[in-house]
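Colleague: Provided herewith is a single structure, encoded as structure tokens, for subsequent inquiry.
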Amino acid sequence: MSPADSDPDEAITKEEITGEAAAPPASTAGITKDITQRNACISELMRPKPKAPAQPTKSASTKQSGLARVFKERDGLGAYTHDPASFPAKRVVYFDDDFVVINDLYPKSAVHTLLLPRSPRSRLHPFEAFEDPEFLTRVQSEALKLKQLAAKELQRRFGKYSEADKLREAVLNGDIEWEANELPKGRDWEREIKVGIHAHPSMNDLHVHVISRDMSSECMKHRKHYNSFNTPFLIDVADFPLAKDDPRRHPGHAGFMNGDLKCWRCGQNFGNKFKQLKDHLALEFEAWKKE
Ligand code: AMP
């Protein structure tokens, strides 16, 4: 099935919705358990040991409020909020009573996680869910925590290439004497992380994307994948509550997904030439790591 068969105003393909798309090994993308262990300030977020490895299956179902829920296709993310402990640590990064954080099954960047609130509001469209100010504040604050964690993961993986992290890396590697109690801060990796929801989500359970800017991933295969993260189709959670007349409320009218492909880093316009954009992004990725 080609991506043209799916809704043009959606960010993901039919195969991704049904789970038929090929997913990379979770070990090659996303936040690893290692970073959560190394990071003392988020150690309280560590998840308990998983009971048994599992993926959301087409037949997984449960009783909720007397109604059976089947976690398949557009309801697939519900499996994580329902029983996060049943997933391996490479998929579920951490969870508590209020949130589950997962590595995206089809990551579109080097780090791509989803924040899933465990709330009755999670079955609403985000525009409606975020009309509750208390809920919105809780999601915004958890998203900020996850952004910091994702930034640490970028630093762990790419700090060794970074000019701004040179001193920090040298201290970490014991190459130079360092008297101060704290490590040199190094590059501001939080600047490299975006936090937002898609104006027209494909998956029914509320999810916030916490994603690095690079768009470097084998799963980044279509114009819709790219434009959904590099146009106002991705709405920063900090921008909520949205004004009633905000054009992002009507992404189809605004035509975000059909716009030209423009490099997120240098702005070069590739029109509709996705392959050329992809080749260019591979070069930008190397340059970006070195900043
Ligand atoms: P959207 O609804 O457009 O905001 O995007 C949904 C996101 O969920 C995409 O980034 C998908 O790659 C991701 N996704 C879809 N199915 C699964 C799944 N079963 N497990 C984890 N991530 C998923």
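The values are calculated or read from the model by the stated rules, or taken from the named source; none is laboratory data. Please read all numbers here as calculations on a predicted model, not as lab measurements. Ideal geometry is used to build each Cβ from the backbone, glycine not excepted, and the neighbour counts take in all protein chains shown.
Colleague: For a quick check of your reading of the model, give me the residue pairs whose first member lies in the range 266-282 and is in contact (Cβ under 8 Å) with a residue 40 or more places away in the chain and under 16 Å from Ser216 (Cβ atoms), whose second is in a helix (DSSP H, G or I) and not small (Gly, Ala, Ser), with beta-carbon atoms closer than 8 Å and at least 6 apart or on different chains.
Modeller: If the second residue must be in a helix (DSSP H, G or I) and not small (Gly, Ala, Ser), the pairs left are Phe274/Arg223; Phe274/Tyr226; Leu277/Tyr226.
Colleague: Further question on the same structure: Which of the following residues is modelled with pLDDT of 95 or more and within 12 Å of the ligand (Cβ to nearest atom): Ala79, Ala60, Ala85?
Modeller: Matching residue, one of Ala79, Ala60, Ala85: Ala79.
Colleague: Hey, another quick one. Looking at (1) under 20 Å from Ser217 (Cβ atoms); (2) at pLDDT below 90; (3) small (Gly, Ala, Ser), can you tell me which one Ala68 breaks?
Modeller: Ala68 satisfies every listed condition except (1).
Colleague: For a quick check of your reading of the model, give me the residue pairs whose first member lies in the range 165-188 and is touching a residue at least 60 places away in the same chain (Cβ under 8 Å), whose second is in a loop (DSSP other than H, G, I, E, B), with beta-carbon atoms closer than 9 Å and at least 6 apart or on different chains.
Modeller: Listed pairs, sorted by first residue: Arg187/Ser162; Arg187/Glu163; Arg187/Ala164; Arg187/Asp165; Arg187/Glu291.
Colleague: Another question, if that's okay. Quick one: which residue in Arg249, Arg213, Arg265 is within 24 Å of Ala110 (Cα to Cα) and out of contact with any strand residue (DSSP E or B) (no Cβ under 9 Å at 6 or more places or on another chain)?
Modeller: Unique residue meeting the criteria: Arg265.
Colleague: Sort out which residues of the range 106-149 are over 23 Å from Asp83 (Cβ atoms), more than 13 Å from the ligand (Cβ to nearest atom), of a type outside the set (A, V, I, L, M, F, W, C) and not in a helix (DSSP H, G or I), and write them in order of number.
Modeller: Once the filter is applied, which keeps residues that are over 23 Å from Asp83 (Cβ atoms), more than 13 Å from the ligand (Cβ to nearest atom), of a type outside the set (A, V, I, L, M, F, W, C) and not in a helix (DSSP H, G or I), the range 106-149 yields Glu131, Asp132.
Colleague: Next question, about the same structure. Restricting the range 211-235 to residues that are among the aliphatic types (A, V, I, L, M) and within 11 Å of the ligand (Cβ to nearest atom), which is farthest from Trp264 (Cα to Cα)?
Modeller: Ile235
Colleague: Scanning the range 83-101 for residues that are touching a Leu at 6+ places or on another chain (Cβ under 9 Å) and more than 21 Å from Gln155 (Cβ to Cβ), which turns out surrounded by the most Cβ atoms within 10 Å (Cβ to Cβ)?
Modeller: Going through the qualifying residues, I end up with Val100.
Colleague: State which residue is nearest to Phe240 (Cα to Cα) when the search covers only the range 190-207 and only residues that are of a type in the set (A, V, I, L, M) and within 8 Å of the ligand (Cβ to nearest atom).
Modeller: Ile197
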